[in-house]
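K.L.:
So that we are looking at the same thing, I have put the structure below in structure tokens.
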Amino acid sequence: MIKCKTSKEIGGMGHSKKRKEDARFIQGKGNYVDDIKLPGMLYMDIVRSPYAYAKIKNIDSSKALEIPGVIAVVTGKDLEKYNLHWMPTLMSDTQMVLPTDTVMYQAQEVCAVIATDRYIARDGKEAVIVEYETMKPLMDPFEALDPEAPVLRSDQEGKTDNHIWHWEVGDKEKTDDVFNNADITVKQQMHIPRIHVASIETCGCVASYNKVENHLTMYMTTQAPHAIRTVIALVAGHVGLTEEKIRVISPDIGGGFGGKVPVYPGYVIAIAVSFLTGSPIKWIEDRSENLQADSFARDYHITAEMAGTSDGKIQATRFKVLADHGYTDASANPSKFPTGLFSIGTGSYDYGTAYMEADAVYTNKPPGGVAYRCSFRVTEAVHAIERMTDMFAKKVGKDPAQLRMENFIKKEDFPWASPTGWSYDSGDYHAGLKLAMDTVGYAELREEQIKLRAEGKFMGIGISTFTEVVGAGPSKDFDILGIKMFDSAEIRVHPTGKAIARFGTKSQGQGHETTYAQIIAEELGIPMENIQIEEGDTDTAPYGLGTYASRSTPTAGAAAAMAARKLRDKAKKIAAHLLEVSEQDLEWEPGKFFVKGAPEKAKTIQEIVFAAYTNHPEGMEGGFEATHYYDPPNLTFPSGAYICVVDVDPETCDIKVRRFVAIDDCGNIINPMIVQGQVHGGLTQGIAPAMYEELIYDEAGNILNGTFMDYLVPTAVESPSWETGHTVTPAPHHPIGAKGVGESPTVGAPPAIVNAIVDAVAHLGIKHLEIPVTPFKLYKELKAVGYFDKQEA
Amino acid sequence: MIAEDFKYDAPVSLADAFALLHQYGDDAKILAGGHSLIPMMKLRFAAPTHLIDINNIPGLSYIKEEDGFLKIGAMSREVDLEESEIITSKYQIFTDASKLIADPQVRNFGTIGGNLAHGDAANDHPAVMMALDAEVEISGQDGKRTVSINDFFHGFYTTAIQHGEILTEIRIPVASGNFGSAYHKAERKVGDYATAGVAAVVQIDDNGVCTKAGIGLTNVNATPMRAERSEAALVGSMLSETDIAKAAQYASEDCNPSTDLRGDIDYKRHLVGVITKRMLNRAIQRAK
Amino acid sequence: MKTVTLKINGTEHTAEVSPRTLLVHLIRENFSMTGTHIGCDTSSCGACTILINGRSAKSCTILAVQADGKEITTVEGLATAEGLHPIQEGFHLNHALHCGFCTAGVMMRAVELLEKNPNPTEEEIRWGISGNLCRCTGYNNIVKAIQWTSAKLQGKELPSTEPVFV
């Protein structure tokens, strides 16, 4: 049971308050980007390359321009005149907005058609004739590393290979030494495949440039409106579009999951065209464009190793990564972290030695490297460590739960210094796993498994006990293009005691309008119903880096608490003035200050706020407002213990998740209902890459599953009925002890599922399965170990 | 996604529809449920210049037993099959199949005639019809003709329907005696086209001898196919485990799948074998 | 161009459209009812689900001209002067929506599902909404919301809307 300090009416932390934002969504009154219509608005559609690697010989737009209603066809050469044909990526690489001579991946933007209507724009797109001279694309990242491989980025001066960067962390020598002397080592090559966030709303914008005012209003699907404003100013400042003349509005967002962090070429083209024509330009992607061209996630090839003693003590891990970044490094990572937070990959276990290295390469695939509901490459790391832990347990002959229990970092050992340099803030891993095991009935399941195996049936139990790292981040290490990754809150309380608060983050479904109000309600005792939350308009909200990487609660949530505390300090002064006592004589309970020992002598927060406007002490500033920019002292380290039970059909290889128990520890909980909802959603986005989703390309560079017909987003039928719970280990350095939760389940679920499937067929000699584990893939593996021969014989 | 422009007519009689088909020639297409055609037009894989919408023509949607046949009007929706008392009580093969076709919204509009006339080996009804030994009625300006389902599918997206004709009715010999039928497909996720699908029908006499067997296969051949060797192996047998295993093996051997994202040839043959066995067992169960 | 006259949420509307105009665009662009959304090209996601003569339909796969003379219900037509429709209440109280983008489509589908099957099992609900993709909620609470609405519509005792933890 979660204890609440505030009444239900105030609705502070711990209350499962129903969401304030629901009213408009359930009545069809949300305001998404495609709902925006401006007078004189034109529509843009984009011609895309059918080839993965080709020279553009000619673009003939004459037929398109003959269509009544087609206004213009904009090419890279047109943008080049204004130096707007390229843009910087978040990782300080460069990316074409529109190509001037070469296309580098299938579905890359080639030119844009502007028309009076979206149907006509589409006709115009079909009528543009582009002549290409195709080249053989480089699709395999290992081949891209070959010294003989053609150099893809010949636009980079002096570039002689396809290598982007090398990264490493940990003690190589010491790690090699442990491996050389260890009783037991296990090693596995694994691929964490390229996947796509596939938010149900695609990306799009309305760029509206007002020539008279020299002012741009940009309505766009972005998770980080403020950072985007700065990026636009950096790209377009030289044509006079400076930052004070840019207003970015992020309306309601139909799911983000990291896919709405990057700046896509379509946004920039729309801005450029609006700037040149003075008309508002709407651009809305189709689903196939979204899947085929927008940022991918994952695509890490990992060689993972673990060393330990024969009695099951983990001693060291060694990971080597090859990261396929596609045509440019457009990863959405903090600038100093080319592999994101991959170095969390030592997991929840107490051992002192690890070494990790990674190399990134260019290929002829779309650029990207976004989260897919994950804090910067944590999913890849967790998959590696949790698979290796199971393989190690198998090799030493220990139950995987037992082995984990024996290797966990102990509750009393926090803060814990990880071998890759993190300081884990808090955790109680033993309690989490114990609760998960008790809930699922672990011992009984193991007995059932023995029985079922004897009957020739396959059932598997898989565990994942992960540690996440979220809430980026402390400004000494974390920045994006130099901008420190703090976040902000501004609270204004009106004379009647009702408030509005604004944030630098932007909800895409996380429920900020409810949870931020609850944080402020907790601190000030103003009912959450009376606190209006606003985000997403750069003209009104304080600067912040946005919502991704489970950072909103750890950063902006903390900022809300800190700003509210500034106001409570002011409230105390006013209360002392009104009650004619000294501040030391006052005590706070949510909603009022009262005189110690005389509770009837009290002033409610509403009375105090009213006084701030009508009767404030001499020498004090009037009004009741505060702003806080919160720079976190550390990241937060949520954790989880997940257990998955699967049944596998021994003939068809169909895999059914029978049960899935998820115990999360995200520290103190603001709204249990919303946390649970986040966990449910994250789990379904965990089963997705584990069993269904992968972007597949052929050797010629064609995507083979670029629509929802073949890119298999799970429905309610594939998704099991999730069972969730929590342990609560507050973050000691965070003002409200919260850690962030939106992504934990996506990070933690895939290895639990794969471990379960491997466990179901482990007795046949199968040690590892690559995700997504489909029935087809499992069939091939079972066939390879001769299982079906035995069946037929 | 937006289709190329086209002309549209919604005739209210078959005679008008035929006249329009003749007037517009080869570039005209019939619009029934539209849930295969319209997505293809939106993706610009299809670009008919005329659409002739036959949804407003009365009398093409019914499910009834008459003259020894189960007669299904070609414009009957999948949902009509799901909700029909005759179907759910006697022809469970349709209930099995309908549940696995696309999703409920699509089944509200998708028609059984369209599912067949599309001529796609990935659709589910062709195999079901083959197992049931159906015949279809094709209507045109010169009258009606009847075509056995065995002669209906000519190739990739092509059928026995000539230009100017419309599929109007499907006829299935009425189920009698110990009749059982079943359908299942392996799919990557709900609503997907089949990785492999099997329709099985058996008729058993009072001595337990199989008097009639029908096996149709989905998406494991360029056109919908009947597993003839399997059927022959079953008719006259006592449907023992060995008989069923033999039928399953023949179906697996005789199908002609191709490798795609859903699986390779070996896997699909394997699935055909497994599902044939299971559907035969289910059909036998239902026959009893 | 063709003239289309149809009733949307009880009010008659007329528009001149080209035959290729999709019903979803007619509703969103011509009549400015933007509660119905578009999430894919291939009739896969169900964000555009509305009711046509009471049947749930993917309005991105139906031409505006096909809706001539039909009665359409969109999410905007669910609530009445008396208040929210039970499905809207059910979704709100059970936290069955996050970003809200798929919500209208799922609710419209659920309305027909419950009309045909007033007391569905969990399995029937899951299969019944299999034509609607939701990327945020993991479906648990959508199922719960539909169960709650089922109880409400039948005048049964309402299940708790509090989250249940292990």
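The values are calculated or read from the model by the stated rules, or taken from the named source; none is laboratory data. Because the structure is predicted, anything quoted here is derived from the model rather than measured. A quick note on method: Cβ atoms are made from the backbone with ideal geometry, for glycine too, and the neighbour counts reach across all protein chains shown. When the accessible area is computed, the model is the full protein with side chains, heavy atoms only, and any ligands, DNA or RNA have been set aside. Shrake-Rupley method; radii C 1.70, N 1.55, O 1.52, S 1.80 Å.
Residue-by-condition table, conditions (1) under 17 Å from A:Gly204 (Cβ atoms); (2) among the β-branched types (Val, Ile, Thr); (3) open to solvent by 40 Å² or more (accessible area, probe 1.4 Å); (4) not in a strand (DSSP E or B):
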| position | (1), (2), (3), (4) |
| --- | --- |
| A:Asp34 | yes, no, no, yes |
| A:Leu38 | yes, no, yes, yes |
| A:Asp45 | yes, no, no, no |
| A:Ile59 | no, yes, yes, no |
| A:Lys63 | no, no, yes, yes |
| A:Val73 | no, yes, no, no |
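K.L.:
Pull out all pairs, ordered by first then second residue, where Cβ-Cβ is under 6 Å, the residues are six or more apart or on different chains, the first lies in the stretch A:636-655 and is touching a residue at least 24 places away in the same chain (Cβ under 8 Å), and the second is of a type in the set (S, T, N, Q).
P.N.:
Cβ pairs passing all conditions: A:Phe637/A:Thr467; A:Pro638/A:Ser744; A:Ser639/A:Thr467; A:Gly640/A:Ser744; A:Ala641/A:Thr465; A:Tyr642/A:Ser464.
K.L.:
Could I ask something else about it? Got at least one residue in the stretch B:178-196 being part of a helix (DSSP H, G or I) and either open to solvent by 20 Å² or more (accessible area, probe 1.4 Å) or touching a residue at least 24 places away in the same chain (Cβ under 8 Å) (or both)? Before you say what the answer is, go through the steps one by one.
P.N.:
From the stretch B:178-196, those part of a helix (DSSP H, G or I) are none; that's our starting set.
Looking through the stretch B:178-196, none of the residues is part of a helix (DSSP H, G or I) and either open to solvent by 20 Å² or more (accessible area, probe 1.4 Å) or touching a residue at least 24 places away in the same chain (Cβ under 8 Å) (or both).
K.L.:
Given the structure, is A:Lys572 under 26 Å from A:Lys8 (Cβ atoms) and either surrounded by fewer than 24 Cβ atoms within 10 Å (Cβ to Cβ) or outside the structural domain of A:Pro225 (by TED's automatic domain parsing) (or both)?
P.N.:
yes
K.L.:
Sticking with this structure for a sec: Among the residues of the stretch C:59-69, is any within 20 Å of B:Asn56 (Cα to Cα), surrounded by fewer than 22 Cβ atoms within 10 Å (Cβ to Cβ) and more than 10 Å from the chain's Cα centre (by Cα)?
P.N.:
Yes, the stretch C:59-69 has at least one match.
K.L.:
If you don't mind, there's one more thing I want to ask. Got a sec? Which of C:Gly77, C:Gly54, C:Gly100, C:Gly90 is buried (at least 24 other Cβ atoms within 10 Å of the Cβ) and touching a residue at least 60 places away in the same chain (Cβ under 8 Å)?
P.N.:
C:Gly90
K.L.:
Would you call B:Ser230 in contact with a helix residue (DSSP H, G or I) (Cβ under 8 Å, 6 or more places away or on another chain), surrounded by fewer than 20 Cβ atoms within 10 Å (Cβ to Cβ) and either assigned to a loop (DSSP other than H, G, I, E, B) or more than 13 Å from chain A (Cβ to nearest Cβ) (or both)? Break it down stepwise before answering.
P.N.:
Working: in contact with a helix residue (DSSP H, G or I) (Cβ under 8 Å, 6 or more places away or on another chain): yes; surrounded by fewer than 20 Cβ atoms within 10 Å (Cβ to Cβ): no; either assigned to a loop (DSSP other than H, G, I, E, B) or more than 13 Å from chain A (Cβ to nearest Cβ) (or both): yes.
Here the answer is no, as B:Ser230 does not meet what is asked.
K.L.:
Of the residues in the stretch C:112-141, how many are within 21 Å of C:Leu51 (Cβ to Cβ), open to solvent by less than 10 Å² (accessible area, probe 1.4 Å) and away from chain B (no Cβ under 13 Å)?
P.N.:
Of the residues in the stretch C:112-141, 1 are within 21 Å of C:Leu51 (Cβ to Cβ), open to solvent by less than 10 Å² (accessible area, probe 1.4 Å) and away from chain B (no Cβ under 13 Å).
K.L.:
Could you run through the stretch A:439-477 and say how many residues are surrounded by fewer than 24 Cβ atoms within 10 Å (Cβ to Cβ) and outside any strand (DSSP E or B)?
P.N.:
Adding up the residues that qualify gives 23.
K.L.:
Continuing with the same structure: Against the definition (closer than 30 Å to A:Gly525 by Cα and either more than 12 Å from chain C (Cβ to nearest Cβ) or modelled with pLDDT under 95 (or both)), how does A:Ile26 come out, yes or no?
P.N.:
Considered against the rule, which asks whether it is closer than 30 Å to A:Gly525 by Cα and either more than 12 Å from chain C (Cβ to nearest Cβ) or modelled with pLDDT under 95 (or both), A:Ile26 comes out as no.
K.L.:
Based on this model, can you work out whether B:Asn281 counts as open to solvent by 10 Å² or more (accessible area, probe 1.4 Å) and in contact with a Cys (Cβ under 9 Å, 6 or more places away or on another chain)? Can you show your working first?
P.N.:
Details: open to solvent by 10 Å² or more (accessible area, probe 1.4 Å): yes; in contact with a Cys (Cβ under 9 Å, 6 or more places away or on another chain): no.
Taking the combined requirement at face value, the residue does not satisfy it.
K.L.:
Among the candidates A:Ser49, A:Ser92, which residue alone is surrounded by fewer than 15 Cβ atoms within 10 Å (Cβ to Cβ) and in contact (Cβ under 8 Å) with a residue 60 or more places away in the chain? Show your work before the answer.
P.N.:
On the way: A:Ser49 fails: surrounded by fewer than 15 Cβ atoms within 10 Å (Cβ to Cβ).
A:Ser92 is the lone residue from the list that is surrounded by fewer than 15 Cβ atoms within 10 Å (Cβ to Cβ) and in contact (Cβ under 8 Å) with a residue 60 or more places away in the chain.
K.L.:
Within the stretch A:233-248, can you find the residues that are open to solvent by 20 Å² or more (accessible area, probe 1.4 Å) and within 27 Å of A:Phe296 (Cβ to Cβ)?
P.N.:
Across the stretch A:233-248, the qualifying residues are A:Leu234, A:Val235.
K.L.:
May I pose another question? Where residues in the stretch A:333-351 are modelled with pLDDT of 95 or more and among the polar types (S, T, N, Q), which of them is surrounded by the most Cβ atoms within 10 Å (Cβ to Cβ)?
P.N.:
For the stretch A:333-351, the residue satisfying everything is A:Ser348.
K.L.:
Every residue in the stretch A:658-702 that is part of a strand (DSSP E or B), within 14 Å of chain C (Cβ to nearest Cβ) and either surrounded by 22 or more Cβ atoms within 10 Å (Cβ to Cβ) or free of Cβ contacts under 8 Å to residues at least 60 places away in the same chain (or both), please.
P.N.:
Across the stretch A:658-702, the qualifying residues are A:Phe660, A:Val661, A:Ala662, A:Ile663, A:Asp664, A:Asp665.
K.L.:
Among the residues of the stretch A:613-627, is there at least one that is crowded, with 24+ Cβ neighbours inside 10 Å and touching a residue at least 60 places away in the same chain (Cβ under 8 Å)?
P.N.:
Going residue by residue through the stretch A:613-627, those that are crowded, with 24+ Cβ neighbours inside 10 Å are A:624.
With the extra rule that they be touching a residue at least 60 places away in the same chain (Cβ under 8 Å), the set shrinks to A:624.
Yes, some residue in the stretch A:613-627 is crowded, with 24+ Cβ neighbours inside 10 Å and touching a residue at least 60 places away in the same chain (Cβ under 8 Å).
K.L.:
Take the stretch A:711-726 and flag every residue that is over 17 Å from C:Ser130 (Cβ atoms) and either in a loop (DSSP other than H, G, I, E, B) or more than 7 Å from chain C (Cβ to nearest Cβ) (or both).
P.N.:
Answer for the stretch A:711-726, where residues must be over 17 Å from C:Ser130 (Cβ atoms) and either in a loop (DSSP other than H, G, I, E, B) or more than 7 Å from chain C (Cβ to nearest Cβ) (or both): just A:Trp722.
K.L.:
Of all residues being polar (S, T, N, Q) and crowded, with 20+ Cβ neighbours inside 10 Å in the stretch B:77-117, which is farthest from B:Ser176 (Cα to Cα)? Just the residue, please.
P.N.:
Across the stretch B:77-117, the extreme among qualifying residues is B:Gln105.
K.L.:
Okay, next question. Six or more apart or on different chains, Cβ under 7 Å: which pairs go from a residue in the stretch A:143-163 that's within 19 Å of A:Pro367 (Cα to Cα) and not assigned by TED's automatic domain parsing to the domain that holds A:Gly326 to one that's assigned to a strand (DSSP E or B) and of a type in the set (Asp, Glu)? Could you list them?
P.N.:
A:His163/A:Asp359
K.L.:
Still on this structure, please answer the following. Would you mind stating whether A:Phe414 is open to solvent by 10 Å² or more (accessible area, probe 1.4 Å), within 22 Å of A:Glu743 (Cβ to Cβ) and not hydroxyl-bearing (Ser, Thr, Tyr)?
P.N.:
Yes; evaluated as a whole, the condition is true for this residue.
K.L.:
Within the set of pairs 6 or more residues apart or between chains, which connect a residue that is assigned to a helix (DSSP H, G or I) inside the stretch C:112-140 to a residue that is of a type in the set (S, T, N, Q) and crowded, with 23+ Cβ neighbours inside 10 Å with Cβ atoms less than 7 Å apart?
P.N.:
C:Glu112/C:Ser56; C:Leu114/C:Thr149
K.L.:
Which numbered condition trips up B:His35, out of (1) assigned to a loop (DSSP other than H, G, I, E, B); (2) free of Cβ contacts under 8 Å to residues at least 24 places away in the same chain?
P.N.:
So B:His35 meets the others, but not (2).
K.L.:
Moving on. Hey, among A:Ile526, A:Ile519, A:Ile491, which residue is part of a helix (DSSP H, G or I), surrounded by 24 or more Cβ atoms within 10 Å (Cβ to Cβ) and outside the structural domain of A:Pro88 (by TED's automatic domain parsing)?
P.N.:
From the options A:Ile526, A:Ile519, A:Ile491, the qualifying one is A:Ile519.
K.L.:
Within the stretch C:9-68, how many residues are part of a loop (DSSP other than H, G, I, E, B) and within 14 Å of chain A (Cβ to nearest Cβ)?
P.N.:
Summing the residues that are part of a loop (DSSP other than H, G, I, E, B) and within 14 Å of chain A (Cβ to nearest Cβ) in the stretch C:9-68 gives 26.
K.L.:
So in the stretch A:95-110, with the set limited to residues that are in a loop (DSSP other than H, G, I, E, B) and without any contact (Cβ under 8 Å) to a residue 60 or more places away in the chain, which one is least open to solvent (accessible area, probe 1.4 Å)? Spell out the reasoning first.
P.N.:
Restricting attention to the stretch A:95-110, the residues satisfying the condition of being in a loop (DSSP other than H, G, I, E, B) are A:97-101, A:104-108.
Adding the requirement that they be without any contact (Cβ under 8 Å) to a residue 60 or more places away in the chain leaves A:99-101.
Numbers: A:Pro99: 4, A:Thr100: 35, A:Asp101: 84 Å².
Taking the candidates together, the pick is A:Pro99.
K.L.:
Still on this structure: Going residue by residue through the stretch B:238-252, is there one that turns out to be part of a loop (DSSP other than H, G, I, E, B) and out of contact with any Gly (no Cβ under 6 Å at 6 or more places or on another chain)?
P.N.:
Yes, the stretch B:238-252 contains a residue that is part of a loop (DSSP other than H, G, I, E, B) and out of contact with any Gly (no Cβ under 6 Å at 6 or more places or on another chain).
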